[in-house]
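Remarks on the structure that follows.
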């Protein structure tokens, strides 16, 4: 780990992305942050070192643990392009802009396997296209929680294709703690803190009224802010060797 580098959790990754490009692929700062933050010790005690020098890979790991190609994903959708919400979002441009800006900070970013298997969708693609997920990160994490318990879920077939990747983290708690997602789950990691009322994947994942959208926005932004504080505190601990209360970060 490069302890001399800094992690600015307020940095908007769109700001160093060439015009017309996707920050997930083209922001050099985001790529560096991912490499620095997630090159760390796994629950097994082995180090998951990521490099950005493998041709054709965003980030890459190759060791006795296996070979993994990782890609970035901005995981908190604002639904700004969803035509069903255009009449709502047009009324709250400032709130939408603030939501989008926060969503492109580190707390709104994740790594998922980026290689396609059997020419089928990656996790990033599947969670975006599935009508019961629609890119919602809380719903994605619920699918991952169920995957670790061998329970059926809307992304089951996709997650199973990447079972070797999820085994790296041991169990759901290991996955949550590795990626600093504690603010999205209960203290015992037994349940997800959803951004909207959850009805076991039987209702629309998209907020359908102004009140529902603002409630979703508040919960999603609250998670990003909490994760940003947690990331900043964790990084300071790595650099300076002293623990910091994440709520004071």
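Looking only at segment 204-220, decide whether some residue is within 13 Å of the chain's Cα centre (by Cα), at pLDDT 95 or above and closer than 17 Å to residue 88 by Cβ. Looking through segment 204-220, at least one residue is within 13 Å of the chain's Cα centre (by Cα), at pLDDT 95 or above and closer than 17 Å to residue 88 by Cβ.
Taking helices (runs of 4 or more DSSP H) as the structural unit, those lying wholly within segment 147-214 and holding at least 1 residues that are touching a strand residue (DSSP E or B) at 6+ places or on another chain (Cβ under 6 Å) and in contact (Cβ under 8 Å) with a residue 12 or more places away in the chain correspond to 163-167, 172-178. Applying the criterion of being touching a strand residue (DSSP E or B) at 6+ places or on another chain (Cβ under 9 Å) and part of a loop (DSSP other than H, G, I, E, B) to the residues of segment 1-51, the residue that is farthest from residue 74 (Cα to Cα) is 46.
The listed residues are 102, 111, and the only one of them that is in contact (Cβ under 8 Å) with a residue 40 or more places away in the chain, in a strand (DSSP E or B) and either buried (at least 18 other Cβ atoms within 10 Å of the Cβ) or in contact with a helix residue (DSSP H, G or I) (Cβ under 9 Å, 6 or more places away or on another chain) (or both) turns out to be 111. Of all residues in segment 20-31, at least one satisfies being modelled with pLDDT under 95 and farther than 28 Å from residue 226 by Cα.
Apart from one condition, residue 70 fits all of (1) over 19 Å from residue 115 (Cβ atoms); (2) assigned to a strand (DSSP E or B); the exception is (1).
The values are calculated or read from the model by the stated rules, or taken from the named source; none is laboratory data. A quick note: this is a predicted structure, and the numbers were derived from the prediction, not measured. No Cβ is skipped: glycine too gets one built from the backbone with ideal geometry, and neighbour counts run over all protein chains shown.
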